[in-house]
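The values are calculated or read from the model by the stated rules, or taken from the named source; none is laboratory data. Predicted model only: the values in this text are computed from it and were never measured. With ideal geometry, Cβ positions are generated from the backbone for all residues, glycine too; neighbour counts draw on all protein chains shown. Heavy atoms of the whole protein, side chains included, go into the accessibility calculation; ligands, DNA and RNA do not. Shrake-Rupley method; radii C 1.70, N 1.55, O 1.52, S 1.80 Å.
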Amino acid sequence: MFAMAMDLGWTPRPVPWGGWGARIRASTVWRRFVPAPVMLSLIAAIEMFASSRRPERLDASRAAMEAVVGGTCSEADIQRLARRHAVAQAQGEELAWRPWLLRRLPIRGAGHLTEAVASGRGVIVSFVHLGPLVGRAVLGRLLPTAHLPVAEYLFQNNPPGYDGYRAERIRRILRASDYRILPAKGSGRALREVLGSAGIVMVAMDVPGPTPTDFLGKSVELANGTSKLASATNSLVVPISVRPRGRFGWEVTVETVLDPQDFPSWAELHQALADVHDGVVTRHPEHLESPLRDGGWARADRFGWCVSR
């Protein structure tokens, strides 16, 4: 059943026609002739203009940034971060349509990951939804086959237009990087089997869950699967991030490995991992996906992020 789910995830899917506008927007051909700095500058201008014409867009970004940096030393900067948030999200999506840039994305701290893989133990690569979604795919350079729980939409038929092209592009990138995808819901047993065989999985930490966690200066209810899996299977945890590099670029950073044997319980490991990700998000808050996104928290504000209202 596990192998069948992965095969279904990789089955190419046609994208129903959504018009020439969507097809051109999703084309990689013309992007060869437009340098990335020019395109990213244009995206910034478009997003700023759209926010000025549609205040609800800026309101959504402001609510996201209030939830992320509210109660921290960056709270006074929410207005500027809100303007940057929509820009950062749109610019990050551009990387999916420039595979030649993605292949050259630099990786800092790669030795931490290669040493963990060479240990003969299971490895959990832990990330939060910061920076371009596809940026994590470049870790395929350093990894044997890695298993990645993903949202259900990657196992469904593509919708028409740009969203369908985008979903198919993500599948293509992950497949080319030798990732094996499986539905995130109910994936715990399969991931445990992979780790028990000294395999590699990649798991998001910033998803709603039952564990109140000190994160971004507030109490955030986070999933605890990473720390529980690591403790149960004696697997190493490798935090990574995709963060901005200069004005028009990104890089992948691999942090110091966390060993569950160094912590009295999964709860202490969970908080230590949250602290690592907290440090990265605090430096680049506008690059974090909104906690109010679909599938996010029912309530997220400066006082905390809660699974239920």
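Please list, by residue number, every one of the GluC sites (Glu not before Pro) in the range 207-309 that is coil in DSSP and has at most 11 other beta-carbon atoms within 10 Å.
Passing sites in the range 207-309 do not exist.
May I have the convex hull volume per residue, in Å³, for the Cα set of the chain?
Cα-based convex hull of the chain, divided per residue, equals 133 Å³.
What do you get for Rg/Rh over the range 132-187 if you use C-alpha atoms and the Kirkwood form of Rh?
Using only Cα positions, Rg/Rh for the range 132-187 is 0.98.
Could you give the length gained on full extension between residue 53 and residue 185, defined as 0.36 nm per residue of separation minus the Cα-Cα distance, in nm?
43.7 nm
Based on the mean of other Cβ atoms within 10 Å per residue, sort peptides 43-50, 235-242 so the most packed one is first.
Those peptides, ordered most packed to least, come out 235-242, 43-50.
Please give the FRET efficiency for residue 256 paired with residue 232, using the beta carbon to beta carbon distance and R0 = 25 Å, rounded to the nearest 0.05.
With a Förster radius of 25 Å, E is 0.70.
If a/c stays under 1.5 just call it rounded; otherwise compare a/b with b/c (prolate if a/b is bigger, oblate if not). Do that for the range 187-231, with a ≥ b ≥ c from the square roots of the Cα gyration tensor eigenvalues.
Prolate, since a/c reaches 1.5 and a/b exceeds b/c.
Mind listing the long-range amide H neighbours of residue 209? Cut-off is under 5 Å, sequence gap 5 or more, other chains count too, H placed in the peptide plane at 1.01 Å from N.
So residue 209 has HN proximity to 222, 223.
Counting only protein heavy atoms, what percent of the accessible surface of the chain is carbon or sulfur at a 1.4 Å probe?
After summing per-atom areas, the C and S share lands at 56 percent.
Among the complete DSSP H segments of the chain, which ones combine at least 20 Å of alpha-carbon extent along their axis with a mean Kyte-Doolittle hydropathy of 1.0 or more?
The answer, listed by residue number, is 36-53.
Accessible area per residue of the chain at 1.4 Å probe, in Å²?
46 Å²
Roughly what would the spin-label model give for residue 151 and residue 33, points 7 Å off Cα along C-beta, in nm?
With each label placed 7 Å out from Cα toward Cβ, I get 3.3 nm.
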